[in-house]
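To keep things clear, I will list the structure first and then write my remarks on it.
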Ligand code: UDP
């Protein structure tokens, strides 16, 4: 089977491509390389913008694509507040045109990268899939809108689909071939690791939250576990009529201070922490209920926090060495 992965050269997309290849699928990665990296792409890379309808049409015409995994999109919450129209165009309009091109090409299976951001600040923990939407950023609004378009398109065009709501993706491929590579890097784990490696302080946003140690709590799920869930989701929708809507989280919350401590343990070093003001739009605590994914897909996260930190550290060390070599 041929699978088109949009955003296939991105952090999560490139790991999904690896998991699909390992399961025997033929993989086509579509990426405009604006934030993705050709170096981590596997399968056939098509350097095409998601908004390029003719480019998309050509891929569907040339290759017999059986299903689409749609990861391409803009992901930065703060950026979305500054550039709402760009986020709406890329995350909503381009999802719509992708679905239209799929329908034209008679491609009926669709897996979508959504986010726990659709729930906003949860009233109850852990967060299950029945939790009402409460988007608190333009980014989150675009994910809610895209989910709605997928529901409507699926009905209109007779598609089968899965919507996968990620919690905090992290870690790197166990074989070191891919990992988190954002520019600029805004995520906690790589920032803490880089601070430790450079012996610089790390800035933690807020220590006055109503949590056990005052720092925010998040549910970290290894990117290879996420990728594995996509393969299982594709197989599920291939044999079921009803749509699949799932949370993908580990089911455990860790505070920012606990993440710092885990990196200290892995690198056997002390990290200097500077506490800054809260970051706008950060809920105090998010933890997933992943019961539905366990039950319907037989999915189970295999990487614990130590494994997440270890693979992320290995990736950072590898890249630091590579960048030193190229200087
Ligand atoms: N965070 C932090 N310092 C950083 C990056 C992130 O304190 O350099 C905090 C952030 O405020 C949040 C948690 O780490 O409480 C996770 O943030 P991240 O950006 O990694 O993921 P998000 O939860 O926003 O998707």
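Coordinate-derived values only; no laboratory data. Here the structure is a predicted model, which means the values were calculated and not measured. All Cβ positions, glycine included, derive from the backbone under ideal geometry; neighbour counts span all protein chains shown.
Counting other beta carbons within 10 Å of each residue's own, what order do 85, 129 fall into, fewest first?
Ascending number of Cβ neighbours within 10 Å: 85, 129.
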| query | Any idea what the relative contact order of the range 182-250 is, in percent, if you count C-alpha pairs under 8 Å spaced at least 6 apart? | reply | 20 percent
| task | Pairs of Cα atoms under 8 Å, at least six residues apart: use those to get the relative contact order of the range 77-139, whole percent. | result | 49 percent
| query | How far is it, in nm, from the label point at residue 318 to the one at residue 62 when both lie 7 Å from their Cα along the line to the Cβ? | reply | 2.9 nm
| query | How do 277-283, 301-307 rank on mean C-beta neighbours within 10 Å, highest first? | reply | 301-307, 277-283
| Using a Förster distance of 25 Å, how high is the FRET efficiency between residue 155 and residue 79, based on the Cβ-Cβ distance and rounded to 0.05? | 0.20
| field | Label-point separation, residue 307 to residue 185 (7 Å along Cα→Cβ), nm | value | 2.2 nm
| request: Can you figure out the FRET efficiency of residue 294 with residue 133, using R₀ = 41 Å and their beta-carbon distance, to the nearest 0.05? | output: 0.95
| message | Please state the shape class of the range 87-147: rounded when a/c is under 1.5, otherwise prolate if a/b exceeds b/c and oblate if not, all from the C-alpha gyration tensor. | response | oblate
| query | Quick one: if the Förster radius is 35 Å, what FRET efficiency do residue 272 and residue 106 give, using the C-beta to C-beta distance and rounding to 0.05? | reply | 0.05
| said: Angle check, please: helix 223-239 long axis (alpha carbons) against the longest principal axis of the chain (alpha carbons), in degrees 0 to 90, nearest 10. | reply: 20 degrees
| query | Quick one: helix 256-267 against the long Cα principal axis of the chain, what's the angle to the nearest 10°, folded into 0 to 90? | reply | 80 degrees
| Does the range 239-316 come out rounded, prolate or oblate by the C-alpha gyration tensor, with a ≥ b ≥ c the root eigenvalues, rounded set by a/c under 1.5 and, if not, prolate when a/b is larger than b/c and oblate if not? | oblate
| Helix 305-325: angle to the longest alpha-carbon principal axis of the chain, degrees 0 to 90, nearest 10? | 90 degrees
| How many nm is it between the label spots at residue 22 and residue 282, if each spot is 7 Å from the Cα in line with the beta carbon? | 3.2 nm
| query | Want the number for residue 208 to residue 242: 0.36 nm per residue separation, take away the alpha-carbon distance, what's left? | reply | 7.9 nm
| query | In nm, what is the difference between 0.36 nm times the number of residues separating residue 265 and residue 124 and their Cα-Cα distance? | reply | 47.6 nm
| query | By how many nm would the segment from residue 235 to residue 53 lengthen if fully extended, with 0.36 nm per residue of separation less the alpha-carbon distance? | reply | 62.8 nm
| said: Only counting other Cβ atoms within 10 Å, I'd like 17, 116 sorted with the fewest neighbours first. | reply: 116, 17
| task | Using the number of other C-beta atoms within 10 angstrom as an exposure proxy, rank 310, 18, 57 with the fewest first. | result | 57, 310, 18
| By its C-alpha gyration tensor, with a ≥ b ≥ c as the square roots of the eigenvalues, how is the range 177-327 shaped: rounded for a/c under 1.5, else prolate for a/b larger than b/c, else oblate? | oblate
